[in-house]
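What follows is a single structure, written as structure tokens, with notes after it.
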Amino acid sequence: MFEDLLELISLFVFGLSGGIFLMIFSELLKRRTKRRKEFEYLIERLNVDPRAVQEVIDRAQSTEDNDRKAAFLILTIEIERSLRSLAHIPEKLSETLSARRLIASFARESVVDNVWIHSFEDLWKIRNRVVHGLSTTDTEIRWGTRLAASLIVALDRRKQREETP
């Protein structure tokens with residue numbers, strides 16, 4: 001958003017009309033607000049303890065000198081590990097199954113609901129952009145980190161229920 005705003009301001013300074021500037025600026029704000037609300041909704045629907053989410057985030061960030069992208073990627077690795085554990089897949093076979101394929105399999109078996117699927121898909125889009133060196137904003141990384149931590153807490157809760165006789 002910040003980069004978009006700077007580019008928009010430079011266009012305004014160099015001749016973009018005030019009306020067009022305001023229209024584009026308004027659209028950027030709407031997109032950012034809509035995206036934030038989508039993430040808030042998904043995190044809320046996962047119904048996890050915010051303190052547990054913050055503990056997971058703190059743990060990830062402390063391991064990589066507070067580098068947000070590294071912490072985010074550590075959490076996505078933890079999600080993949082948890083998904084494989086939940087699926088009871090032997091390590092030798094796990095390399096052939098991506099996290100997306102596992103989620104699709106869980107969805108077919110009704111192990112996860114639409115909230116999970118949408119949360120995971122949104123998270124994985126951000127993850128792929130980070131992994132492939134594409135641009136991401138600090139806001140996307142922050143929200144992706146919170147969403148990843150929420151999924152980890154939910155996965156841990158599911159695993160505990162599975163292990164309880």
(request) Kindly state, to the nearest 0.05, the FRET efficiency for His132 paired with Glu163, given R0 = 35 Å and r defined as their beta-carbon distance. (result) 0.45
(request) May I ask you to order 36-45, 126-135 by the average number of other C-beta atoms within 10 Å around their residues, highest value first? (result) 36-45, 126-135
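Only the coordinates and a few stated rules stand behind these numbers; no lab work does. Small disclaimer: the values here were computed from a predicted structure and weren't measured. Cβ coordinates were reconstructed from backbone atoms using ideal geometry, including for glycine residues, and neighbour counts include every protein chain displayed.
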